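Below you'll find the structure, written out as structure tokens, and then a few comments.
The values are calculated or read from the model by the stated rules, or taken from the named source; none is laboratory data. Values in this document were obtained by computation on a predicted structure and should not be read as measured data. Note: ideal-geometry Cβ built from the backbone for every residue, glycine included; neighbour counts use all protein chains shown.
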Amino acid sequence: MKKILISLMLSIFLIFPAFAKNVKIGIILGFTGPIESLAPVMAKSAELAIEEVNNSGNFMHGKIEGVRADSTCVDAAAAQAAAERLITSDKVSAIMGADCSGVTTAVLKNVAMPNGIVMISPSATSPALSTEPDNGLFFRTAPSDARQGEVIADLLIEKGFKSAALSHTNNDYGKGLAASIQKNFISRGGKITVTTAHEDGKADYSAEVAALAQAGGDILIVAGYLDQGGKGIIQTSLDNGAFDKFFLPDGMIGDSLPKAIGPDLNGSIGSVPGTDSPGAAKYSELAKKAGFESGPYGPESYDSAALIMLAMEKSKSTVSNTFKKSVMDIANAPGEKIYPGELGKALKLIKAGKDIDYVGATALELVGSGESSGSFAEILIDNEKTNKVSYR
């Protein structure tokens, strides 16, 4: 009789999967703070991948639910508390995020590792994360700033800039990127006239801009955040006549900045992770159908969520310490190439025992301990908008 009851209960469970608990994925991003204008599209992109998998009906573990939390981007304690709630209260199986490098490092070291939770960040770019101990739990679909520093140096030299002043936000992201830019620009024959840090959240950046102006340079590189100190440095530079040309790395890219500054920013250049691959076009189409425009780190967010779900399917487990071993297999060759809009197909292939190569929205290839090898878009600010003009 006991065996009959167990068989009956299993049959009911298979017929009515709604009885099963949802698999939860945390989405921790800076919904407040210096990149708050970017976070909504990043979250929607991750949720787009989740919705695609749910609509396919092919995920062996049931339905997936995305649970949002605020990293603030800059407050490590707040980010850790938010991640703790995701794990202990919401019972997430993995985290898509965090976003900024400092809070990502804090969450990884103090929350994810002690709890054995996989994190896949779409935008944490500090070179230090490449060697941060992670127990195999941390991955990122954004390339390291070691790579971005090379791209920025190449662009500056190609555009004829021989000298530059450099201002960076005073945190892990800013320091790591500034060091990479300086090293690579000097190696190519350029001169950094001064490197200074700025704090976010200040009302007045006159002192910082005065120091930059005194050193001079053909262009001012602002390695900061578009909704905070980076914007303040640029506006003050323009107001004081210190600089009229700016280089904007990834944390400064987003249409909110040229809208805030106005036409004086037109002609400035920048860089942001991006590709003109077939997957990027397919992702953009999906985003438009879902009612939003692609933005910086949107494609990387879609890919981060997709990797988590496909690795769960590959490993037949939602336990991070089990499915973490499948992330690199899913992301890289060999296997059938998978693009945005094909997650249901990917799940079927995995179920059939076939290999997949998740190319995704960013022409993804994970190298080293699990980070994107890195493609970048060159940005030109024109008509008060950010425009992608070439790729490398």
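For residues that are among the aliphatic types (A, V, I, L, M), surrounded by fewer than 23 Cβ atoms within 10 Å (Cβ to Cβ) and either more than 16 Å from Met113 (Cα to Cα) or within 16 Å of the chain's Cα centre (by Cα) (or both), tally how many sit in the stretch 130-145. Show your work before the answer.
The first filter runs over the stretch 130-145 and keeps only residues among the aliphatic types (A, V, I, L, M), leaving 137, 142.
In the following step, the residues that additionally are surrounded by fewer than 23 Cβ atoms within 10 Å (Cβ to Cβ) were identified as 137.
Of the ones still in play, those that are also either more than 16 Å from Met113 (Cα to Cα) or within 16 Å of the chain's Cα centre (by Cα) (or both) are none.
So the count comes out to 0.
In the same structural domain as Ile35 (by TED's automatic domain parsing), out of contact with any helix residue (DSSP H, G or I) (no Cβ under 6 Å at 6 or more places or on another chain) and not charged (D, E, K, R), is that true of Thr125? Here the answer is no, as Thr125 does not meet what is asked. If you go through the stretch 226-238 one residue at a time, do you hit one that is without any contact (Cβ under 8 Å) to a residue 40 or more places away in the chain, polar (S, T, N, Q) and within 24 Å of Glu378 (Cα to Cα)? Yes, the stretch 226-238 contains at least one residue that is without any contact (Cβ under 8 Å) to a residue 40 or more places away in the chain, polar (S, T, N, Q) and within 24 Å of Glu378 (Cα to Cα). When each of Pro296, Pro334, Pro340 is tested for being under 16 Å from the mean Cα position of the chain (by Cα) and either of a type in the set (Phe, Trp, Tyr) or outside the structural domain of Phe247 (by TED's automatic domain parsing) (or both), the lone residue that passes is Pro296. Scanning the stretch 255-297 for residues that are loosely packed, with under 14 Cβ neighbours inside 10 Å and at positive phi gives Gly262, Gly267, Gly291.
Suppose the filter is closer than 24 Å to Thr322 by Cα and in contact (Cβ under 8 Å) with a residue 24 or more places away in the chain; does Val74 pass it?
Working: closer than 24 Å to Thr322 by Cα: no; in contact (Cβ under 8 Å) with a residue 24 or more places away in the chain: yes.
It is false that Val74 is closer than 24 Å to Thr322 by Cα and in contact (Cβ under 8 Å) with a residue 24 or more places away in the chain.
Listed by position, the helices (runs of 4 or more DSSP H) enclosed by the stretch 203-268 that each have at least 1 residues that are under 20 Å from the mean Cα position of the chain (by Cα) are 229-240, 256-261.
Among the residues of the stretch 243-283, which ones are without any contact (Cβ under 8 Å) to a residue 24 or more places away in the chain and either touching a strand residue (DSSP E or B) at 6+ places or on another chain (Cβ under 8 Å) or not assigned by TED's automatic domain parsing to the domain that holds Asp200 (or both)? Residue satisfying the conditions is Ala281 alone.
Taking the stated definitions as given, is Leu307 outside the structural domain of Lys385 (by TED's automatic domain parsing), surrounded by 23 or more Cβ atoms within 10 Å (Cβ to Cβ) and modelled with pLDDT of 95 or more? Lay out the reasoning, then the answer.
Values: outside the structural domain of Lys385 (by TED's automatic domain parsing): yes; surrounded by 23 or more Cβ atoms within 10 Å (Cβ to Cβ): yes; modelled with pLDDT of 95 or more: yes.
In short, yes.
Can you find even one residue in the stretch 151-163 that is in the same structural domain as Glu208 (by TED's automatic domain parsing), hydroxyl-bearing (Ser, Thr, Tyr), in contact with an Asp or Glu (Cβ under 9 Å, 6 or more places away or on another chain) and under 24 Å from Ile35 (Cα atoms)? First the steps, then the outcome.
Our first condition is that a residue be in the same structural domain as Glu208 (by TED's automatic domain parsing); within the stretch 151-163, this holds for 151-163.
Among the residues that remain, those that are also hydroxyl-bearing (Ser, Thr, Tyr) are: 163.
After this cut, where a residue has to be in contact with an Asp or Glu (Cβ under 9 Å, 6 or more places away or on another chain) as well, the list is 163.
Checking the rest, the ones that are also under 24 Å from Ile35 (Cα atoms) come to none.
Checked the stretch 151-163: no residue is in the same structural domain as Glu208 (by TED's automatic domain parsing), hydroxyl-bearing (Ser, Thr, Tyr), in contact with an Asp or Glu (Cβ under 9 Å, 6 or more places away or on another chain) and under 24 Å from Ile35 (Cα atoms).
Considering the stretch 199-245, the residues that are of a type outside the set (D, E, K, R) and touching a Pro at 6+ places or on another chain (Cβ under 6 Å) include one that is surrounded by the fewest Cβ atoms within 10 Å (Cβ to Cβ), namely Gln228. Being in a loop (DSSP other than H, G, I, E, B) and either farther than 28 Å from Gly295 by Cβ or at pLDDT below 95 (or both) is the filter here, so list the residues in the stretch 146-165 that pass it. Across the stretch 146-165, the qualifying residues are Gly160, Lys162. Restricted to the stretch 60-81, and to residues that are crowded, with 22+ Cβ neighbours inside 10 Å and within 24 Å of Thr362 (Cα to Cα), which residue is farthest from the chain's Cα centre (by Cα)? Applying the filter and picking the extreme gives Ile64.
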